[in-house]
Every structure is written in structure tokens, then in C-alpha cells.
There are 4 protein chains.
Amino acid sequence: MTPPRVGLWLLGAHGGVATTVVLGLAALRRGLIDSTSLVTALPQFDGLKLDSFNQFVVGGHDVRRTSYRQAVHELQQRSNIFEPGLTDACLADLDDWGENVRVGTVSNSGPTISKLADLPEAHRADTGRAVIERIQNDLRDFQARHRLDQVVVVNVSSTEPPFALSDIHSSRERLANALQRRDQTVLPASSLYAWATLDLGWPFINFTPSLGACVPAIEELALERKACHCGKDGKTGETLMKTVLAPMFALRNFRVLSWVGHNIFGNRDGLVLDDPVNKASKVKSKDQVVSSILGYKPQTHVSIEYIESMDDWKTAWDHIHFRGFLGVKMMMQFTWQGCDSILAAPLVLDLARLALLSQRRGEVGPLKHLACFFKSPIGVEEHDFFKQFGMLGEYVRGEK
Amino acid sequence: MTPPRVGLWLLGAHGGVATTVVLGLAALRRGLIDSTSLVTALPQFDGLKLDSFNQFVVGGHDVRRTSYRQAVHELQQRSNIFEPGLTDACLADLDDWGENVRVGTVSNSGPTISKLADLPEAHRADTGRAVIERIQNDLRDFQARHRLDQVVVVNVSSTEPPFALSDIHSSRERLANALQRRDQTVLPASSLYAWATLDLGWPFINFTPSLGACVPAIEELALERKACHCGKDGKTGETLMKTVLAPMFALRNFRVLSWVGHNIFGNRDGLVLDDPVNKASKVKSKDQVVSSILGYKPQTHVSIEYIESMDDWKTAWDHIHFRGFLGVKMMMQFTWQGCDSILAAPLVLDLARLALLSQRRGEVGPLKHLACFFKSPIGVEEHDFFKQFGMLGEYVRGEK
Amino acid sequence: MTPPRVGLWLLGAHGGVATTVVLGLAALRRGLIDSTSLVTALPQFDGLKLDSFNQFVVGGHDVRRTSYRQAVHELQQRSNIFEPGLTDACLADLDDWGENVRVGTVSNSGPTISKLADLPEAHRADTGRAVIERIQNDLRDFQARHRLDQVVVVNVSSTEPPFALSDIHSSRERLANALQRRDQTVLPASSLYAWATLDLGWPFINFTPSLGACVPAIEELALERKACHCGKDGKTGETLMKTVLAPMFALRNFRVLSWVGHNIFGNRDGLVLDDPVNKASKVKSKDQVVSSILGYKPQTHVSIEYIESMDDWKTAWDHIHFRGFLGVKMMMQFTWQGCDSILAAPLVLDLARLALLSQRRGEVGPLKHLACFFKSPIGVEEHDFFKQFGMLGEYVRGEK
Amino acid sequence: MTPPRVGLWLLGAHGGVATTVVLGLAALRRGLIDSTSLVTALPQFDGLKLDSFNQFVVGGHDVRRTSYRQAVHELQQRSNIFEPGLTDACLADLDDWGENVRVGTVSNSGPTISKLADLPEAHRADTGRAVIERIQNDLRDFQARHRLDQVVVVNVSSTEPPFALSDIHSSRERLANALQRRDQTVLPASSLYAWATLDLGWPFINFTPSLGACVPAIEELALERKACHCGKDGKTGETLMKTVLAPMFALRNFRVLSWVGHNIFGNRDGLVLDDPVNKASKVKSKDQVVSSILGYKPQTHVSIEYIESMDDWKTAWDHIHFRGFLGVKMMMQFTWQGCDSILAAPLVLDLARLALLSQRRGEVGPLKHLACFFKSPIGVEEHDFFKQFGMLGEYVRGEK
């Protein structure tokens, strides 16, 4: 039996994360790198029928005029990653896949993202319905041209401002009607993509804090179309650490008094998050985990600052103040110096493989066993990283 | 039914950890402090028949001429802990319990510990057998005078140098014979205490990296006498962090390249560890956990330095260098600023309660469910803190 | 010749800094502490005719209903400083000096400070002129009752919001007229105090970032009255470090790319600075020094966050990103864990002694040789700590 | 007038520092990099008659079989520095200069350095005299072939073990006699190079902690030959920070209680320093500065550990514990993450320029105005970086 041919469709296809995903995929296919940092390469995933990396074809949407060559070059110059030897060997793949990138939409993504979008078509004012159809045409065309058995869509584009739901979002029918209107404010871009994908019955992964599929009407649509999805907001660095450390403070019965986290970084994502409106989505996603794990709310503070010189290197400083026996106050501090795209990209590949498997197995709705990958896992209250990983472990054992 | 009266016998009774245990116990009995930092006060331990804090009577062995009042005062002055309001209210209890402290032994504890021991009786050259009998007399006398149902012995004395086992340690009988000889080198003090305790069928807890009950002959004795024991080396600070963080690096498939840990502190324990011979025991205990959890050996470095001005405040700086996707090197660093006695004392109380329960339930040999409390858990290979805690959780659920 | 009797008048007399000043002064008089952290106790100040600590009498203004006993107790409880042995020996002095504290004013200090002021008289709506007269009456009364040769006034009260100057502030005469009006917005409280003090010909020290004497009209008044003054904003912690480190980056010709500083602390000053309006004054004062020393503007970011559990312990984390030879980016990070009042108080004593000396020597206007004590030294562009200290050294050598 | 042609002769010519010097020199000549991190490029050095970078020709001694191409490649691969675009443009220069590298000596450099030396001629057992002559022949040949007006010799080779001086080192004559003997232990390699250089009347710079010219007999020789020299041990990172921060602690009259410094790095220098014998030289050089600046000796601890994964990135963690007013203990910690070669190389170029100027001006003996470049400046007790820089500033002003 020939293995299935699968498509990976990236929203924000030329961004830092997507470029790293694509380069990594090419390098893995060519055996140029090992599987470090891929969760699905751990021994406990052996025997699971995951797609191998050479079954993948890449495409995507973007709103900026650029190319993989340019994106790779920029990451090399600014962030000092990607050895030339490695990238040279992969550029042919990247050029091929770059052919599959189509113009996306900035519909209702806020002014900061709009400003970055230099492709005029991305700004076309249209009904939500029309945008969805355009997206679906691009997706179906990609599938057809490459004769793909399955396609998974992953949102790795910039963070949108928070979006308030209203009555029109409560049912598939009402929302469908609203999308007919010439009204750009019905749904943000991330949710138009989610609708478009899930309506085709395809899996949708939201790696960002944007709204995506987290709309009752879209969740209803997913169930109707028997589609699965997961999100939100990949857990890559500081928040990962929080969900690793907070359980220790809880199990040792320390009383956390305050948890302060400062994040500085300088990539395009940072530029978008420098807009306080967009930042609000991210801070909310980062701030809730500690209280949720501890079961009480210590004073918390999360800041995210765009510091240009850091480029893709996100540095976090966390200061945890806690009370121990006999009322004595003690402290833990950590700094995390990680390259954002490098941390995110392997998780995107893991999620794509796991979501494609879920689709083949007929799983529908939010994929709760993938909670350990997300800051705000859909449908899961548990934030303790190790308990979340336990859920994934159980799923894997059940699958085999 | 009257609850049992229980005794807590501390080896190193006037040291920093023991003094904090005793002060904390008095404060808990009087309702002056809450249960922060006591693991056994977590909700999941509700319903377990643990002894309440006012069932405890304290006694112990020490080799220095001092008192609880003096030890408390020293910790207040040097380490800036213990509010006077709190200690004043507890001094009467401490004075009472101080009456129960007897002269211990420095037999074969190495020159650094010997030098600290200013009680001449502690240096008495004798057969191991004679020392054991003296210890047992002190223990039985304590039990009798206070009409105690049970007594648990906890080693919180200074770390001895490493001790090499030989043939004479392989069976209870051979070791019993050797202990008749006028030869101070047969067993270190910690093991004489272990023998004395387990021979009475009482539980023995080794909170230090010293040899204690980790001798085949003594383990055999424990089984014969149906006694239980646990250890070694309380997991309080930097090593706790290692066993919390290393699992994350493993589960995210990062490749840890090097893990460097520097510890500075200035209490009496630090003074003893400043002797490279005594330090060796501790470094070994701290160094193995990372490799064990990761399944491979990154370069590791552990240093422990006596810095007098730090007093009881142990500060650790750890630098973790790891490789992520596409070969990119990243870093995590943490500092842990904790007060050593304050971290250790509540765990001693937890272990005492749990070991007394085990004795009542007829458990024999090493108490493996207590692994999460130790750097080198006897009989357990698992170092992942969360898996260890899971073992304790299962035990607790089974007990209820 | 009898040494002069001198008065130290503290604005914010019961705040953390003032309380530490007063306790320190009492302890120094009684020989209970050494002179650590007093700059004027360095050998290079020997021979200068500075007032000794037992020549001082303390008084001041405050707007809260409290006492030194209560303030001391609060610092002990919350911030874990001041040994009971020490404070007990000094309480009599503190009680005596507490008798000299009068009700101050919150006139135009912003809502956050107003809210903290629970003494009704502090809120009395009045002309600026009337407030100034009330202040001057308090000052003259203090001098008379204690038969003081000189009195120095030091502002250690909470930071006011920034204040915009206008035409009425350009000359003493115009401002004097405006102060006759029933208009609370003519000057903030700190400037009313400055006017009141300098109008008497007495020295005024502004240890805060509030406006104080930094008004052309008030500077004119100081010259007329032959009074001296200095400020603004005591350089105690993170900013001190910036003015120590930035010169090194400059002299080694490193290119600083970004300098990020995060400050967390939990005292009353922090509470006031948590109001973004008041914070603005402080951030401005902290942010300018780096660019001024380097001669170019790297990206800078300064945050100040009120974290209640920190109490008086101000912790700063600074991340300095710089480019070296061949374009390589490198990093320095530091954390500064200092107790705010403890850092500030000795500098207040130093400044009081030095300003009293200046008054005796007939110095008039801003005391530029005191620049090394301030974040925003009045009349001095130099921020390099060592060059500033050099200016003080030259002054001292000239005086002797 | 044609500018002089000058030679830069590097001992350890293919090591990390030397390779970076050579690459930097090539890049500066070609205008590919700016002058960041070159002290002599600061405005205050304008007008001084320093040699421009295109007047330099490079040569040197090494004991390993390698080339600049290989050394550059290694630094690129392991330490992630040097962009290929930059190195490609400079390789022709490097190849040319590589032709001038001759076989050095490991005479009396200790077993760790000997083991690294794979050129057999470097191990030739010979009298000191013979080695010196061989070195001088190489130097003279270099000068002649390139028609150089001046040549400066800089030691950037690995650190030798400490060397104890005896009577034979007390005068030029006695040492000259001893060097005739077939005894390898009379002088270490660094001092043979120093003798050879100074005997020619040429300037010698010791950028390492090795003995070099710090021998009374060699200092006598320098005076006789009217040669100048400077050293020891370039002040590049952690020690630089110490000499920047300690003055602040002194001037603010803080009492430093302890200063702990941990250094980790993974380059060849680190490998040599991993030998405790060689490490001793370095630790001594790093440890003295703090006490010297403070005027008293706090507890200090310096460790240097070879951590392979760090490559050329030296990370230091320093923990400074100090007492402030009223006896309160406070802390400063810093981490310094710098690339060793990148930090050192520009200083080598600065020193070469300044020493060549000194030679032209007829300066003789130790160049004390260069103290700010060294951890252990010859003939200078002052360690305060800013005072040292002041000495350089005065010299420069005097020269112009």
C-alpha cells in the first residue's frame, strides 16, 4: 500500500515559524538533521502510524510580498541561525513549495497586521462568505494539483487583537447569514480560515492566540463536517516553563506570592505584539496558567516587549516569590533564551502529523489529547505540562 | 480511642534543620503558623491516618555542647529568619524537648565532623557494638519515660565522607561479628544509628547523603526485625529543580548538552561540605539525577562552595545548555535562593508522619513510595519528581 | 566652640526612607551601628567640617496618621529588616522626634497620593501662599523650640505626577502673584515645600523625582535668598548600576543595542508608582542616563511594577545587548536585590551633612558637586557615576 | 613621508584569539567592518600617530598543524560566529599571512599544552639559548622579507602553569648563563619568547597570565636593550566587570562580604585551563582585583570550568553579597555572555598599535599607561578600570 500523500498548508506561510517549518521539513527529508526537538520522534510514539516527512507537500497563504529565499536569508542575517551548508541544500525544495503560496486575507486583523500586508489582494473588502470561498478554492486547488489524500491547515500568522463574540456567533446558521453581509467585522481572518478549512472537513490547527475555531458556530460546523481541530497558542518557552514549575510549587505546598514574567524579543511577531491591542490576546493566554495550576491566584505580571536587537531570540526573565515553612519568603528566578521559530517549528510538524492521524481515525471536534502543545488548550482545563503529556501518552498507548 | 503518642528522635538534634523542625512543630501545635510547605497537609492526604502534630514528643542525639535557645538565636542572627514573637511563644516547648537530647557519636565520621564535636563522650573509642547499645539505651529510655507508642529516628546530622563497603558488610551475621571488634572503621556513625534503630524494629529515615541503612547487612537486619526505613538525602532545592526540569527537556526531545550547577551557602553543613572528602558524597548524590532522567549523559558539573556570608541561605545557579531543532543551541538559567533549614524541616515532619504510619501498617524494608523526598531514593531508579510524586499518590489512594 | 545644633526636616516623615533615616541616626548616635554605606564616612571626607550625628534633631511633615513605632514595626514585619535589639534601643529617640512631625499638604499631588493621606488638614484647600506660610510656621517653630543653628529640608515623600511648567513659572514675581490665587494647580506640594524652605534661606534637598525646586521662579528665589539646593531623585539601585556600567561600554567602544530594565517592588512608593501618571516621572528620570553617557540612543525600556510581596525589596533585572568586534552580539544581565529604604537612608544623611556645610560656606543655588547622589542632578549633564564622584572629590579636596 | 610598515607577530598564531585578530585586521583593511570594540578608535585617540590597519603584516609562531582556513571554519562551526560573506572576502589575506607562521616551542609549557602540540619541531629538546636563537631568526627573517620598520610580538597562546622564580632569574647575566645549560626548566616558553623579542629591542605584549617578561632578569634585559613591554592577561570579561563594579561598592561605602565568580567555556583555552595546574595561573590573576580595589579582603571564590558545548562563548555568573546601612545584607548578581576571541581580538590590535607608538617614542620598560587592558598590569597596583583608563587618557593628552 502506498503511504498517503499529505499537504501542510501554512497560514503566514513566509513568516519566521513557517519558514523554519519548511526548512526543517526539507532538511529532515534529505536526512540533513536529526529529529531533536520533535516530540513525535520520541520512542513512545514508535508504532503509531504517523506520516513520514517525505510524504509532505507544503503550501500556504501569506499577505506579504516575499519568498522563502528571502525569509531564510533574513533569519540567517538577523538571528544568526541556519548554517549556509544546510540552507543551500534545501533551497530547491523551498522554491518548489513557494510556488504553492497564495495571497491570504487581513480581513479584520487590526491595523498593525494590515500595515505589514503589502499584497493589495490581501486587503480586498469583501463579504466573509467571499473570502471563505477564495480560501477554499486555494485549498482545493492545492489538493488537486498535488493529488493529496489529506491536507492539514496550520495558523502560524501574526496574533490578532482580541475579538468579542456576540449572538451572531452562537450558531452555525446565524453566523452563516452574517457572513453574507458586506461587513468586515463579523469574523477575524483567523476564523475565516478556520471556517473555510473545517467546512471542507479538513483538520485545522491554531498555533496562535487568535480566535480561530473558538467560536460556538464554528465548533458546531466542525461537528457537522466531522472535522477535527486543536489550539490555541503553541506552548514554546516561558509559558512552557510556567506549566512545568508551577506543579512543583503546588505539590510541595509552597505558597506562591507573586510570579512576574518579562519577555523581550524582536521578530515580526514581536512587532505585532508591540501594539497593545494585539498584545492583550497573548498576555491573557500566558497569564492564566499559573493560577489554574496552583488553585489560587498569586499576584502575576506578564510583559512582552519588542526589543529590535533581539531578533528571533526571545528572552524571558521570571521572578517567582514564594513562602515556605514558618512564613519564610524565598525566590526562584529563571531566564530562558530561546529562538522563537526554532522552538515552534518542530511542534508544528508534530501537530500536523498527529492531526492527520486523527482525521484518518475519524476523530471529530477538539483534539484534547494535544493539550500539552498549547498555552490555551481548547476544551481542556488542565495546564500542568506533565498531566497534559500523560493525556497524550494514554492516547498513544490506546492507538497502538 | 486515644491517639498514639509518638516520638521524633533527631540525629544532629541541635543542628539547623533539627532546630527548625522542633520550632516548627511547636509553632504548629500552638497554631502559630499555617501548614505551608508540608506535603502531608495537601488535600490529597486528607483521610490518611497521620499523627497530628500535638501527638509528638521530641528527643535526639547531638555531639556539640549547645541548646535550642542558642541554636534558634544563631539562626535568627545569622540567617534573619524566625520572628521573635514566634520563637518566644515556643521556647518553653524547646526547653522541654532539649531535656531529651543525649550525647551522640562521631565514630568514623571523618575529621571535619570530629572537630566540630566538643562533647568528649561523643569521641569515646569503643566497639561498634558498645556504641549501638548506648544508642539503644537512649532510645528505649526516651520511649519509656514518655510512654511513647512509637518512635521514628531521623538523621539530620552533617554529611559524612563516602564509605566503601567490603565483604564484612554483606550479611547481618558477618557485620555483627565485626562490630564486636575494637575497630572504629567498621561502620560510620550514621550506620551505627541505623543499626541501633532498625534492630529495635523502629523506622529509620536518612535525610543526609551519609551511608545510614544502605548496607546489605543492615537491610537484612531491617527485614528480620520487620522494620521500615527510607532515604537518602532530602531533595530540597537545586536537585529538586533538576528533577522537575529534566523531564521537560526529555519530553520535548531537546538534547541537553551540558548542565552546570553551582551552589553556595554558609551554614554548618556548608562548613562540613567544604572538606572535599565530605563534599564527594553530596556531589555524587546531586549529579546523577539529570543523566538518569534524560537517558543519556550530558556534560555535568556540580560545585558546592562554603561562602560564610550566605549563612543558611543556599543559592544555586544552574546553566542548562541544550540543542533544539535544526541544531540551534539555546539556554536556560535559573537561580534558586532558599533557606536550607526552612526547606528541609517540613519534609522531615512529612517523612516522620509517613514512616510512623508505615510502621503501624506493618510495612517492611525501604519505603519506595517516599522517593519524591530524596535525591537518592533507596530502591528506586526513578528520579523524575512528578513520576515519584505519582507513586506517592497511588500509595495514598491505596491506603484510604 | 560648641558645634552647631542642626535640624533635619523630612517631608514624608513617617515613610519608609524617613523612618530608616531616623532609626539610623539614632543608632549612629548611640554607637549601635557602624558607618557602612555612608559616603561621608569614607576616609577622603576626613577633615571636612561635617556635623556629627549627635548634633542632629529631627522633625518633618507627613500626611498620614501614624507614628515611628508603627512605621518601624511595619518595616520589620513586611520587609524583614531592623533587629528588635536595635530598634528597642532607639525607640525613645524616635518617640521624641515623632513629637516634631506636623501635618503636611497633598496640594496638587495627584489622586493616588491624596488617597493615602488620612489626615484631613493635609487636604485643606487653600491658596499656595497660605500653604507656604503654614509650612514656614512649622519650620520656624521647629528651629525656635530646639534652638537650632541650621535646618535642612529633605523631600523623601512619594513621587508626584509630572508637572508642566508655563509662563507663570518663569519669574519669582509672576509665580508669587499666582500663588495668591485660590488655585490648587499653580504648584505641586513638593514645590510649595521648596519655595517655603528656600524663601527662608535654608537648604532644600529633593530626593524624589517630583518637581521641587526645578522651577525657574524658585531657582530665582533661591539666588535672591542666598539659599542652596540639590536634587532630583536619589540614585540608589538600578540607575546607579546603569551609570556605573554604561561608562565601561562607552570606554571599550562596545555598541549598546538595547538596554532593558525591569523593576519590581512592593512598598508604599511602589503603590504610588503603580499609578501610570506618577510612574511617568520616575521612568523619565531612570531612562535618560544611558543615552547621555553613551552619546547615542540605544533602544531602552524601563518598567516599574508594584509587586506587593516584595515589600521594600526592590529587585531589578537588566538585560544589556551589545555588539562587539566583527559585529558579534553579546549580552550582560544583572539582578540587583536591594532594600529601598536601606539604600536611600544613608544618602539622605550624607546629603544633609553636605548641604549644611554648603550653607555654612555660603554656597548658593544648585550644589553641582552632589551630582553623584542623583538620577537627574540639577544643573549637571554628566551621568557617569565615576566622573560625578570625581567632581565631589575635587570639591572635598578644595574644601580642606 | 611613507607611513612605516609594521609587523604583528602572534604567539599562538592559529589559536582562536589570533585567528580573530587576523580576520578582523583583514576585514578592517577592506572596510568590511566598522571599528566597534576598538578602544583606539574612540574619538579621544584622534590625532595620535597610530598605525593604520593597512600598514600591518602578520606572522607568528604556533605548535599545532593547522591553517587559518581551518581555524576560521572551526570557529564558524562551533561558536557560530563570522559570517561566510565576511570570511570569504578575507581568506586571501589569511592565506598570505599564514605563509608567515613558523613552528614555535612548548619548552616547559606543561604536559597539557605539550599534548596539543602536534608539530614535532615544537618539542625539540634544546638549550634555552638555542630556542631563543631559533625564535630570533624567525623574527628577523619576517622583518627582512617584508621590509618592516617595526615588529611587535604578542603572546596569545595557551596559559602555562605557574612558574616559581629562583636566584638564577635575578639578573640578566645569571639567567643568560643558565640558558646555556641543557635544562628545559630554566624558563617557560612564554619567557623564552619574551627574552628573544626584547633582546632585539622590539616590543613584547603578554596577553596571557603566563610568565612572559615578568622575570627580573628579563626586565633588566629590556632596559638594556631599550625595549618596552606590557601585560599580563587581557582584561576582557568577568574581570573587567569586577574592576568596573568594585569601585562602585567602594565609593558607596558598601561592605562586600563575598564575591563568587563562576566561569564556564569550551574553547581550546578552556581545555588547557581544565588542567588544575594551568588553571592556577588564571584564577590568581582573576582573584586579586577585588580585594585590591576595596582595600580589604572579602571572601572570594573564582572557578573556571571547561564545558565543551559552550565553545568560544564564555559565560560568567557572579554573585556579590554586600552589607549596607543598618547591617542589611543585599545582593547583586550578573551574567556575562561573551565570545572570548571576539572580546580579546580588538584589544590585541589596540595594544599592538599603542606599543608600536611607544617604541617609536623611545619608551622603555613596562608601559604602565596600558594597565586598563590587563588583569595583572605590570608595574601598576591600580585595578579600578576607570582610574586605569584615566591614566591612559592622561598619556594620550600628553602625546598630542
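For chain B, the longest principal axis of the alpha carbon atoms and the long axis of helix B:68-79 meet at an angle near 20°. With a/c under 1.5 counting as rounded, go ahead and sort segment C:161-234 into rounded, prolate or oblate using the C-alpha gyration tensor (a ≥ b ≥ c being the square roots of the eigenvalues; past the cut-off, prolate if a/b is larger than b/c, else oblate). It is oblate, given that a/c is not under 1.5 and a/b is not larger than b/c.
Sorting C:SER341, A:SER171 by accessible area puts them as A:SER171, C:SER341; the probe is 1.4 Å, largest comes first, and only protein heavy atoms count. Summed over both chains, the contact between A and C buries some 1900 Å² of accessible surface at a probe radius of 1.4 Å. Once the 1.4 Å probe is applied to the protein heavy atoms, segment C:97-217 comes out at 38 Å² accessible per residue. Modelled label positions at C:ARG361 and A:ARG225, each set 7 Å beyond Cα in the direction of Cβ, lie 8.2 nm from each other. At a Förster radius of 35 Å, what calculated FRET efficiency corresponds to the Cβ-Cβ distance of D:SER52 and D:SER292, to the nearest 0.05? Result of the calculation: an efficiency of 0.45.
Calculate one ³J(HN,Hα) per residue across segment B:312-322 by plugging θ = phi - 60° into the Karplus curve 6.51 cos²θ - 1.76 cosθ + 1.60, and present them in order as whole Hz with x for glycine and proline. Using θ = phi - 60°, the values come out as 7, 8, 8, 10, 10, 10, 10, 10, 10, 10, 9 Hz.
For D:LEU271, neighbours were defined as the other residues whose beta-carbon sits under 15 Å from its Cβ, and their charges (Lys and Arg +1, Asp and Glu -1) total -4. Taking 7 Å steps out from each Cα toward its Cβ at C:ARG5 and A:ALA280 produces label points 6.2 nm apart.
In the assembly of identical copies, D:GLN76 has its label point, taken 7 Å from Cα in the direction of the beta carbon, separated from the corresponding points by 1.0, 6.7, 6.8 nm (ascending, one decimal). Each copy carries a label point for A:GLN180 at 7 Å from Cα along the beta-carbon vector; from one copy to the others these points are 7.6, 10.3, 11.3 nm apart, nearest first. Distance between the pseudo-spin-label points of A:ASP183 and C:GLN70 (7 Å out from Cα toward the beta carbon): 5.7 nm. What FRET efficiency would be calculated for the residue pair A:ASP167, B:ARG397, taking the C-beta separation as r and a Förster radius of 45 Å, to the nearest 0.05? Approximately 0.50, to the nearest 0.05. In the assembled protein chains, A:MET391 presents an accessible area of approximately 60 Å² (probe radius 1.4 Å).
GNM on chain A, alpha-carbon springs under 10 angstrom: the most fluctuating residue among A:THR20, A:THR315, A:THR66 is A:THR66.
Ordering B:LEU354, B:ILE307, B:HIS146 by the projection of their Cα atoms onto the charge dipole of chain B, which places +1 on the Cβ of Lys and Arg and -1 on the Cβ of Asp and Glu, puts B:LEU354 at the extreme positive end. GNM on chain D, alpha-carbon springs under 10 angstrom: the most fluctuating residue among D:GLN288, D:GLN333, D:GLN136 is D:GLN333. Dipole magnitude for chain D: computed about the Cα centre from +1 point charges on Lys and Arg Cβ and -1 point charges on Asp and Glu Cβ, it is near 820 debye. Only one residue of D:LEU211, D:LEU11, D:LEU245 has its Cα farthest out toward the positive end of the dipole of chain D, where Lys and Arg carry +1 and Asp and Glu -1 on Cβ, and that residue is D:LEU245. Against the empirical curve 2.2 N^0.38 Å, the C-alpha radius of gyration of segment B:27-154 lands at a ratio of 1.26. Seen from A:ARG225, the other residues with C-beta closer than 15 Å to its C-beta sum to a net charge of -3, counting Lys and Arg as +1 and Asp and Glu as -1.
Report, in listed order, any pair from B:LYS282/D:LYS314; D:LYS314/D:LYS368; D:LYS242/D:LYS282; D:LYS242/D:LYS387 with a Cα-Cα distance greater than 19 Å. Too far apart for the 19 Å limit: B:LYS282/D:LYS314; D:LYS314/D:LYS368. Ordering B:SER114, B:GLY104, B:GLN55 by Cα displacement along the dipole of segment B:1-115 toward the positive end leaves B:SER114 in first place; charges were set at the Cβ atoms of Lys, Arg (+1) and Asp, Glu (-1). Round to a whole number: what % of the accessible area of segment C:336-400 belongs to carbon and sulfur, probe 1.4 Å? Its accessible area is 47 percent carbon and sulfur atoms. Counted residue by residue at 0.36 nm each, then reduced by the alpha carbon distance between them, the extension gain from A:LEU91 to A:GLU121 reaches 8.1 nm. Comparing C:GLN55, C:GLN359, C:GLN143 in a Gaussian network model of chain C, where Cα atoms under 10 Å apart are tied by springs, the biggest mean-square fluctuation is seen for C:GLN55. For segment C:1-136, a simple Cβ point-charge model (Lys and Arg +1, Asp and Glu -1, everything else neutral) yields a dipole of about 340 debye relative to the Cα centre. Ascending distances from the D:GLU394 label point to its copies in the other chains, with the point 7 Å along the Cα-to-beta-carbon line: 1.5, 7.5, 7.6 nm. Accessible area ranking (1.4 Å probe, heavy atoms, ligands and nucleic acids excluded), largest first, for A:ARG145, C:ARG252: A:ARG145, C:ARG252.
The values are calculated or read from the model by the stated rules, or taken from the named source; none is laboratory data. This one's a predicted model, so the numbers in the text were calculated from it and none came from an experiment. Virtual Cβ from ideal backbone geometry, glycine too; neighbours counted across all protein chains shown. Ligands, DNA and RNA are excluded from the accessible area calculation, which covers all protein heavy atoms including side chains. Shrake-Rupley method; radii C 1.70, N 1.55, O 1.52, S 1.80 Å.
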